[in-house]
Amino acid sequence: MTDRPESRLSGKELFKSAAKKVKMGKKLERVMKGDRSATSATSHDTSDVDGNKSPEPYSCTGDFEADYTELCNRAGLMEIPKVVPRPHRPGPPPPPDPKSATPMSQRESCKSARSTRMEKVEEPTSPVPSEQEEPPPTTYTTSDKFDYFKPKVQVELEKPEDKKSMTEVYIRGWKVDQKYIDIFKQCFPAADKLHTIDFWNVGLTDNTLAQFAAVASQCLNLRTVKLDGNPVPGEGFHQLIGEDSMIVSMSLRSCKITDKGAELIGKALSTAKTRNQSLCALNLNSNMITDAGACYIANGLRMNRTLLVLSIANNAIGDEAAKKFGEVLSRFSLTHEEVVERRKVLSEKGAPDVRRSPISRRAESRDRPGSQSSRSQLDKSMAKSGRASSKAKKDKKEDDKKGKGKDDKWKKVVSLAETLGKASKGKGRQSGGKKGQGAGSITEAETPDILEIINPLLEEAERVDGELLIPGNRALINLNISRNRIGEAGLKSLLKGIQYQITLTTLGSRSGGTGLMRLSVQKNSFPLNHESYLKMQELMMTRDPLYKPPSKTPDEESTSQATGS
């Protein structure tokens, strides 16, 4: 009897617990269903959002700091080098104003200040005031702890208040990899006033150098590029100074350039068919160039009449390369390829091919009778010059309407500068006053200031012993070949080249330039008291534009006046 109610109670309890479990199971089921539907809905929504949303391309505004920061954030860079203004050495302090205080009053004020300080120190109750802080140094600037070593992008602004007036960029001592090159691809072309890029020891590779060269070609006002301390295995620095490059100055110091890179640079300077027409200064200091590489660079100067300053100091250059430079500076014989190209250019210009000596002319006149070839050639040249002048007028009018870019202007000036000077008289002012002109329009006032770049193949040649000889390069005015291995033989060749240039200058022949005005050959393999070196120094001293003759003593002035009277 006692077991039955217990069994009934246990049955009821079991029933209740089972009912509770069923209810809980239904609730859990509902919750799980709700969670699944919610998660499916959210995943569906997120998938829709991800599918519909595409990252919008960023268009640079010309504000380098804002563009650079935004592109770095989009690229997912964790640490972004800051954009800071380039530090400058502080200027000299202003001179003291003499009207402010006399020396006696300054002494009296110092004494009074000392006495008041002593009185204040003796008072036990009053606190001791701190002396005036020492002014900051004026000869250098300081930075906080390790801030100097953190990667930065230093910029130079034309106007500090205008963020879009960036003119120079300096990156020093940290690696510029592919991510940063991709960012600079967009930032640099948008900076309209950027004219200088200096990447010192940034770890460039063949790929990043090629991409940097492509970026440099898109910067319309870029004129100076410095890539010092960037050894690249492929040595493809010639990509920066191609035929259409607008870079004026390039520095490649300590880039471990060998003869391979020197050959590429020499061919980029000029060949028989192509030549660089913008580069004026090239610095190849402290590299690994030997005689073979220096000969390639000298060959690049044969047909180049734009480069003014060349430095190949601190390399491994010997007498062979020095002889090549002496030949290029004086006069040289044309190769077969150059002779063929010369004939093509002369046939297009309608000019005579070669100037012969009177002896060769008389010998040739005995062999064949006179003909009308010279007369017909003269007629052809006159007709061609007339057609060129009319074509120049038409091209000038079209340029004034369309406003072509700087490249078109440069090419047109090189080929038709002399013709435009005659054809644009009286018509340049009509287009000069318009504001909407492009860079291709040439006014009458601008035409005389433009220097015509003469093709070296068009210079007057002379046939000697079956070879065509033309005057050498007289456009180069500064050559630095110091700290090399040049001996006496190379020194004599350089001296002959200088003497030839001075002879042409004294005869009044300045069509090809003035010749070398500064030559640095110190610290080579010849003694400083060598006769050729002393003579070279004597010749170059008066040609140096910075040379100042020593001032005469009173005795010398009196003797000169006495002899003059």
So, of the residues in the range 240-253 that are over 16 Å from Phe199 (Cα atoms) and more than 11 Å from the chain's Cα centre (by Cα), which turns out to be least open to solvent (accessible area, probe 1.4 Å)?
Gly242
Does at least one position in the range 482-502 carry a residue that is among the polar types (S, T, N, Q), open to solvent by 20 Å² or more (accessible area, probe 1.4 Å) and assigned to a helix (DSSP H, G or I)?
yes
Which count do you get for residues in the range 204-231 that are open to solvent by less than 30 Å² (accessible area, probe 1.4 Å) and of a type in the set (Gly, Ala, Ser)?
3
Within the range 195-241, which residues are in contact with a Pro (Cβ under 9 Å, 6 or more places away or on another chain), polar (S, T, N, Q) and assigned to a helix (DSSP H, G or I)?
Gln218
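Table: residues versus (1) small (Gly, Ala, Ser); (2) part of a helix (DSSP H, G or I).
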| residue | (1), (2) |
| --- | --- |
| Glu243 | no, no |
| Met246 | no, no |
| Ser254 | yes, no |
| Gly261 | yes, yes |
| Ala272 | yes, no |
| Asn287 | no, no |
| Gly293 | yes, yes |
| Arg302 | no, no |
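The values are calculated or read from the model by the stated rules, or taken from the named source; none is laboratory data. This is a predicted model, so every value here is computed, not measured. Reconstructed Cβ throughout: ideal geometry from the backbone, glycine too, with neighbour counts over all protein chains shown. Ligands, DNA and RNA are stripped out before the accessible areas are found, and what is left, the full protein with its side chains, is counted by its heavy atoms. Shrake-Rupley method; radii C 1.70, N 1.55, O 1.52, S 1.80 Å.
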